[in-house]
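Asks: My structure is below; once you've seen it, I'll send some questions.
The values are calculated or read from the model by the stated rules, or taken from the named source; none is laboratory data. All values derive from a computational prediction rather than experimental measurement. Note that each Cβ is placed from the backbone with ideal geometry, even for glycine, and that neighbours are counted across all protein chains shown. Note: areas computed on protein heavy atoms with side chains; ligands, DNA, RNA excluded. Shrake-Rupley method; radii C 1.70, N 1.55, O 1.52, S 1.80 Å.
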Amino acid sequence: MGRAIRRFARSQRGNVAMLWGLTASVLVGMAGLSIDFTRAQAIRSELQNAADGAALAASRATGLTDTQREAAARAFFNAEAPEYASSVNFHLAALSTHDGYEVTASVPMDGSLTRLISQHDWTVSVTSDAKRGGLNLEIALVLDTTQSMSGTKISDLRSAATDFVNTVVNDVQTPYYSKVALVPFSSGVNVGSTYISSSRGSIPSGKSITSATWFNGSQLTISAITKANPAVVTTSTNHGYATGDVVYFSGIKSSGMGSNLNGNHYTITRISNTQFSLNSTNSSSWNSFSTSGSPRVQRCMVSTCEVQVTANSHGFANNAYVYITGVSGMTYLNSTAWQVKNVATNTFVLSGTDPASAGTTAGTGGTAYCTTYGCQYYRFTNASNGTNIWQVSGSCVSERTGSERYTDASPSTAYVGLNYPASSSSGCSSAQIMPLTSNKSSLTSRISTLSVANSTAGEIGAAWGWYMVSPNWSSVFTGTSAPAAYGAPATAKIVVFMTDGAFNTAYCNGVISNDSGGYVADNQRINCNGTNGDPSSSAQSICTAMKHAGVIVYTIGFDMDSEPQSSRDLLNDCATDSSHAYLASTGTDLHTAFTAISTSISQLRISH
């Protein structure tokens, strides 16, 4: 009995079974841990993708309250990870830098075989930050405000452009800025008084007029005129005339000698203080002189009895035309272009003036202007072979000509074209350009004033879209509106061009050209063709050049279904590529196009 007890005490076979039992539970738990870890990684990957998209959705949304923004982000998350929608702990918060949003999401995960070693469930968590793209944005918004945009179309444009600005311009301008410039265009571009001189150059000032008169001395009363060869005139007072002077007659009774003398001028020979003879006359066959009425004689300033103007150092040449304004007294001279002759340093004579029209009150003050291209007034022959005299616009410009016509060269190298409109309202859009700014209020306020008028000079609009983002124009658009240099780090230059029709307006010497078409009356067009040729070809050349300079170009054609295919092709070719060209048939389509462009421009990057 004692021997059996000792053998049992020495036996180890049961220890192996016990040890195996203890070790097996650990090994199974470790295998479960590996399985659950793999499962957690799969869940985490799915959650991360959903959180990334939700962060992007939150950051892209504009004009939403915080509650609406979080709802939009949560909806996106639920759509991407539907099996976790009911159990996820979801939170959206603005980043401290105010340039995006952070999403945190977590879901519980039950353990499987890991419960053999731990009774705690797992929680899978992810975080995603969406920040606005790391680019400075310089965007020129070029908008068609021609007459064909009237009615609901201009309202649709104002609405779509406002939404565009509110999307692409960030509220916080650090570390990257986003700026927009506005270029409304029609038959020209309105650059406003601020930029007009630096863009087109200065206009020469007129010459101040000291005096303007045809007579030299007072009118004298005639007491007698003899019927002789030559006629002899007697004045009631000392006339003070000299041989060779020229005199002018008026007020003589028409039934008498008035029919021969009134409105005529004669060279005289002095006889005495009160008498002189009229050279080359024989009054023996004239009717008798009558003292009734108001017979008058007056000495002329020049031999032709035309008006002589005094304007010191005027610089006008013989046979040139001058336009006169603001003369007091002899107002007959005002608002007319006169050809000049007998030019001296300080005086000139106005050809075609006459005493009967000019009157006997001397002119004082006023201004005389040159009338060639580049002057304040331009005298030209229109397409009806008539003569127009139009004043240069104080704020509108036309297309640049010459070797720099398709470049963004500084205006100090080549000025843009002058604009001589038929009226103050026909030169361009009433809405002025606005250079690059991040002030959304100013931009949207300017957009709200857009109105329609005139024809379509799309080539001028395209050129000014380029100028707005060109560093070569930083001498004009200065300070915070100055465009960055080409190739500046992390900077994108973009032109968004919108129009609703074919380009139909070209210029010759600052006036709408003869070949611009019948939509402008013949007497409103100059009798020469467009200096730069077809406006569509000009626009294409400008687009090509700006794309070569690195500018991204988007185009939108609005309600162009009835336009020639060539017009739609132009917009497609003008854009950076076909994916940057949009056609919109309705106002809704226009909003969609602007939204698509703003989304493309406002590319966001994810950082984790």
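Asks: Amide H to amide H under 5 Å from Ser223: which residues, 5+ apart in sequence or cross-chain, H placed 1.01 Å off N in plane?
Replies: Long-range HN contacts for Ser223: Thr234, Thr235, Ser236.
Asks: Place a +1 charge on the Cβ of each Lys and Arg in the chain and a -1 charge on the Cβ of each Asp and Glu, then give the dipole magnitude about the Cα centre in debye, rounded to the nearest 20.
Replies: Here the chain has a charge dipole of around 1220 debye.
Asks: If you don't mind, there's one more thing I want to ask. Excluding residues on the same chain fewer than 8 positions from Lys440, give the lysines whose Cα lies under 23 Å from its Cα.
Replies: Of all the lysines, those that pass the test against Lys440 - Cα under 23 Å, at least 8 places apart if same chain - are Lys131, Lys153, Lys179, Lys493.
Asks: Hey, can you rank 177-184, 164-171 by average C-beta count inside 10 Å, highest first?
Replies: 177-184, 164-171
Asks: Let me know the Kirkwood hydrodynamic radius for the stretch 80-233, please, with Cα pairs as the basis and the value in Å to one decimal.
Replies: 25.3 Å
Asks: What is the percent carbon and sulfur in the accessible area of the stretch 160-231, measuring with a 1.4 Å probe over the protein chains and ignoring ligands?
Replies: 46 percent
Asks: Something else about it: If you roll a 1.4 Å probe over the stretch 547-608 with all protein chains in place, what percent of the accessible area is carbon or sulfur? Walk me through the numbers on the way to the answer.
Replies: Values: 1440 of 2940 Å².
Carbon plus sulfur share of accessible area: 49 percent.
Asks: Something else: How would the stretch 463-608 be classified by its alpha-carbon gyration tensor: rounded, prolate or oblate, with rounded meaning a/c under 1.5 and the a/b versus b/c comparison settling the rest? Walk me through the numbers on the way to the answer.
Replies: Working: a/c = 2.56, a/b = 1.41, b/c = 1.82.
Oblate, since a/c reaches 1.5 and b/c is not below a/b.
Asks: Go through (1) 88, 64, 43; (2) 192, 43, 40; (3) 104, 70, 47 and flag the label whose value is the computed Cα extents along the principal axes in Å for this structure.
Replies: Given (1) 88, 64, 43; (2) 192, 43, 40; (3) 104, 70, 47, the structure-derived one carries the label (2).
Asks: Could I ask something else about it? Want the number for Ala93 to Trp122: 0.36 nm per residue separation, take away the alpha-carbon distance, what's left? It would help to have the intermediate numbers written out before the result.
Replies: Details: separation 29, 0.36 × 29 = 10.44 nm, distance 2.44 nm.
Additional length available on full extension: 8.0 nm.
Asks: Put +1 on the Cβ of each Lys and Arg and -1 on the Cβ of each Asp and Glu in the chain; which of Asn529, Phe316, Pro489 then has its Cα farthest toward the positive end of the dipole?
Replies: Value: Pro489.
Asks: Expressed as an acute angle from 0 to 90° and rounded to the nearest 10, what is the orientation of the C-alpha long axis of helix 565-574 relative to the principal long axis of the chain?
Replies: Once rounded, one gets 70 degrees.
Asks: Averaged per residue, what accessible area in Å² does the chain show with a 1.4 Å probe, protein chains only?
Replies: 44 Å²
Asks: Hey, another quick one. Would you kindly state how much longer the chain becomes between Asn529 and Ser259 on full extension, computed as 0.36 nm times their sequence separation minus their alpha carbon distance, in nm to one decimal? Walk me through the numbers before you get to the answer.
Replies: Details: separation 270, 0.36 × 270 = 97.20 nm, distance 5.04 nm.
Extra length available between Asn529 and Ser259 comes to 92.2 nm.
Asks: Once the piece of chain linking Ala79 and Asn318 is laid out straight, how much longer is it, given 0.36 nm per residue of separation minus the C-alpha distance between them?
Replies: Contour length minus the Cα-Cα distance gives 77.6 nm.
Asks: Could you work out the relative contact order of the chain, using alpha carbon pairs under 8 angstrom and six or more residues apart, expressed as a whole percent?
Replies: Computed value for the chain: 16 percent relative contact order.
Asks: Sort the stretch 430-491 into rounded, prolate or oblate with this rule: let a ≥ b ≥ c be the square roots of the eigenvalues of the Cα gyration tensor; rounded if a/c is under 1.5, and if a/c is not under 1.5, prolate when a/b is larger than b/c, oblate otherwise. Please report the intermediate quantities before stating the final value.
Replies: Details: a/c = 2.54, a/b = 1.45, b/c = 1.75.
Judged from the Cα gyration tensor, the stretch 430-491 comes out oblate (a/c at least 1.5, b/c at or above a/b).
Asks: Taking all protein chains as present, what is the carbon and sulfur share of the accessible area of the stretch 259-363, in % to the nearest whole number, probe 1.4 Å? Can you show the working numbers first?
Replies: On the way: 1870 of 4620 Å².
With neighbouring chains kept in place, the figure for the stretch 259-363 is 41 percent.
Asks: Have a look at Ile225, Leu350, Ile433 and report the one farthest towards the positive end of the charge dipole of the chain, computed about the Cα centre with Cβ charges (Lys/Arg +1, Asp/Glu -1).
Replies: It is Ile433, whose Cα lies furthest towards the positive end.
Asks: Now for a separate question. Whose amide H sits under 5 Å from the amide H of Thr456, counting only residues 5 or more places off or on another chain, with H placed in the peptide plane?
Replies: Counting only residues 5 or more places away or on other chains, the set is Asn504, Thr505.
Asks: Report, in degrees rounded to the nearest 10, the 0 to 90 angle that the Cα long axis of helix 535-548 makes with the longest principal axis of the chain.
Replies: 40 degrees
Asks: Moving on. Give the shape of the stretch 269-334 as rounded, prolate or oblate, defined through the alpha-carbon gyration tensor: a ≥ b ≥ c are the square roots of its eigenvalues, a/c under 1.5 means rounded, and otherwise the shape is prolate if a/b is larger than b/c and oblate if not.
Replies: On the way: a/c = 2.77, a/b = 2.12, b/c = 1.31.
Because a/c hits 1.5 or more and a/b exceeds b/c, the stretch 269-334 counts as prolate.
Asks: Out of Met330, Val169, Gln391, whose Cα points farthest toward the positive end of the dipole of the chain (charges: +1 Lys, Arg; -1 Asp, Glu; placed on Cβ)?
Replies: Val169
Asks: State the antiparallel share, in %, of DSSP beta bridges confined to the chain, rounding to the nearest 5.
Replies: Percent antiparallel among DSSP bridges in the chain is about 75.
Asks: Quickly work out the Ser292-to-Lys227 label distance, labels modelled 7 Å from Cα along the C-beta direction, and quote it in nm with one decimal.
Replies: 1.7 nm
Asks: Would you calculate, for the chain, the mean residue ellipticity at 222 nm contributed by helices, counting each DSSP H stretch of 4 or more residues as -39,500 (n - 2.57) and dividing by all residues, to the nearest 500?
Replies: -8500 deg cm²/dmol
Asks: Given a Förster distance of 35 angstrom, what is the FRET efficiency for Ala40 paired with Thr595, based on the Cβ-Cβ distance and rounded to 0.05?
Replies: 0.35
Asks: Tell me the net charge near Ser186. Cut-off is 13 Å between Cβ atoms, Ser186 excluded, with +1 for each Lys or Arg and -1 for each Asp or Glu. Present the calculation step by step, with values, prior to reporting the outcome.
Replies: Values: positive: none; negative: Asp144, Glu459, Asp500.
Local charge sum for Ser186: -3.
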